[in-house]
Amino acid sequence: MIKPVIAIRTAQSDDLDALLSLYQELNSDDDLLQADLVREKYAAILSHPGLTIFVALDAETPVATTSLVVIPNLTRGGRPYALIENVVSAISHRGQGYGKAVVCHAIEAAWQAGCYKAMLLKGRTDPAIHRFYESCGFVQNKTGFQVRRG
């Protein structure tokens, strides 16, 4: 069977509801924002320089997403670096290539922006998630640290 080409595009203002649904599948215990605040934050995200949300589509419906942040840099010859965050596929579409397609698209966008590296942190310990990111080209060769506001 020939796999269909997965369409990927930059998120648009009318994708907000689909993104919120995907993010709920990513972090079901997240606090929900008030509707007016959500729209305000989403508008800020869409207009933020260097920040792009990509969506993978099934027909016209976003079913996977990731965010790419390209960060200016003074090291590595001034080449920027990229951070990939909020990777999620709809439960109904997992294992069908949508997540991998959107992550690989974000990596390619980082290379197009001249980044010398793309990185991500993950909080899940499931070995299948490790294999997923490795299949996208990532290697686990650094130690990540974080601090969260209490």
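The values are calculated or read from the model by the stated rules, or taken from the named source; none is laboratory data. Predicted model, so just to flag it, every value in this text is computed and none were measured. Because the Cβ atoms are built from the backbone with ideal geometry, glycine has one as well, and the counts that use them run over all protein chains shown.
Observations
- Consider segment 102-149 and keep the residues that are part of a loop (DSSP other than H, G, I, E, B) and among the aromatic types (Phe, Trp, Tyr). The one that is nearest to LEU57 (Cα to Cα) is PHE138.
- Comparison of ALA56, ALA35, ALA43 shows that the only residue that is surrounded by 13 or more Cβ atoms within 10 Å (Cβ to Cβ) and free of Cβ contacts under 8 Å to residues at least 60 places away in the same chain is ALA56.
- ALA64 vs. criteria buried (at least 17 other Cβ atoms within 10 Å of the Cβ), over 18 Å from MET119 (Cβ atoms) and at pLDDT 95 or above: yes
Residue by residue, here is whether (1) touching a helix residue (DSSP H, G or I) at 6+ places or on another chain (Cβ under 8 Å); (2) closer than 21 Å to THR10 by Cα; (3) without any contact (Cβ under 8 Å) to a residue 60 or more places away in the chain; (4) exposed (fewer than 10 other Cβ atoms within 10 Å of the Cβ) holds:
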site: GLY77; (1), (2), (3), (4): no, no, yes, yes
site: ALA82; (1), (2), (3), (4): yes, yes, yes, no
site: GLY99; (1), (2), (3), (4): yes, yes, yes, no
site: ALA106; (1), (2), (3), (4): no, yes, yes, no
site: CYS115; (1), (2), (3), (4): no, yes, yes, no
site: LYS122; (1), (2), (3), (4): yes, no, yes, no
site: PRO127; (1), (2), (3), (4): no, no, yes, yes
site: ASN141; (1), (2), (3), (4): no, no, yes, yes
site: GLY144; (1), (2), (3), (4): no, no, yes, no
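- Of the criteria (1) surrounded by 13 or more Cβ atoms within 10 Å (Cβ to Cβ); (2) at pLDDT 95 or above, which one GLU25 fails: (2)
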